[in-house]
Amino acid sequence: MSGKFLVFEGMDGSGKTTQAQRLVAWLESRGRHPLHIREPGTTPAGERFRNLLLDPTREAWDPATEALLFFASRRELLLQEIRPAIEDGRDVVCERFTPSTVAYQGTSPELATFVLALDRLVVPNDMQPDQVLILDLEPEEALRRATSRSEADSFEARGLPFQAQVQNGYHRYAKERPESTTVIPVGDCNPDEAEALVLDAITHLFT
């Protein structure tokens, strides 16, 4: 039984964690043994990178600097968690991966090209996601949901224009890799409806 690599993407507030947990439960109901991880994070190095990158009090950095730090965390996650799980026949359900870096740091054509070039260097072809699920939410609603739950992190604090750039970045990624990416509009969906759309997008991988 080969393991599949599935990635949930979208702005904060789009329901990534809820849908990842539901997908994990669905996989378990089919006798599989998924690994649920988040990025940046999961590994000791990743958690340190996460605290650093999301700190709302940190100084502003160049987007390329941020991208390099995300890919450093990503490399460790690949080596320590993702590859061993896939090779052991386990599915991996990951919250955020390269599409987030395209969306949040690739805010110009030049930066997007830089991020995708890093991806080709850091993420081997056999470790690319089998399916990326982008939970698409309008920037205004995403920001409202995210900031109503807790203090804004360093990216949410950049406000609505930046969130609009992020949405555009996700759409840019989907156009770059359409064969492995599904954009799921979730603005008018309740969690059950969103789950049905997710399962419709990934079931073919398990038949």
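The values are calculated or read from the model by the stated rules, or taken from the named source; none is laboratory data. Please read all numbers here as calculations on a predicted model, not as lab measurements. For neighbour counting, all protein chains shown are included, and Cβ atoms are generated from backbone atoms with ideal geometry for every residue, glycine included.
From the list E59, E87, E39, E66, the one residue that fits, being among the charged types (D, E, K, R) and farther than 24 Å from S108 by Cα, is E87. Candidates G31, G13: the one that is assigned to a loop (DSSP other than H, G, I, E, B) and free of Cβ contacts under 8 Å to residues at least 12 places away in the same chain is G31. Where helices (runs of 4 or more DSSP H) fall wholly inside segment 55-148, the ranges with 3 or more residues that are in contact (Cβ under 8 Å) with a residue 60 or more places away in the chain, touching a Lys or Arg at 6+ places or on another chain (Cβ under 9 Å) and closer than 30 Å to T203 by Cα are 98-105. Restricting attention to segment 34-54 and to residues that are outside any helix (DSSP H, G or I) and of a type in the set (A, V, I, L, M, F, W, C), the residue that is farthest from the chain's Cα centre (by Cα) turns out to be L35. Taking the listed residues T107, T57, T98, the one that is of a type outside the set (A, V, I, L, M) and at pLDDT 95 or above is T98, with no other qualifying. The one condition from (1) within 16 Å of the chain's Cα centre (by Cα); (2) modelled with pLDDT under 90 that P139 does not meet is (1).
Taking into account only those residues within segment 158-191 that are hydroxyl-bearing (S, T, Y) and in a helix (DSSP H, G or I), which is farthest from V102 (Cα to Cα)? Within segment 158-191, the match that is farthest from V102 (Cα to Cα) is S180. Scanning segment 15-54 for residues that are surrounded by 14 or more Cβ atoms within 10 Å (Cβ to Cβ), aliphatic (A, V, I, L, M) and closer than 30 Å to D200 by Cβ gives A20, L23, V24, L27, L35, I37. Could you count how many residues in segment 11-30 are small (G, A, S) and either within 17 Å of E81 (Cβ to Cβ) or modelled with pLDDT of 95 or more (or both)? Total satisfying the criteria: 3. Looking only at segment 86-109, residues that are more than 16 Å from H171 (Cβ to Cβ) and surrounded by fewer than 18 Cβ atoms within 10 Å (Cβ to Cβ) come to 3 in all. Annotation note: of V92, V115, the sole residue that is more than 22 Å from V166 (Cβ to Cβ) and of a type in the set (A, V, I, L, M) is V92. Tallying residues that are surrounded by 13 or more Cβ atoms within 10 Å (Cβ to Cβ) and over 19 Å from V93 (Cα atoms) within segment 188-207 yields 1.
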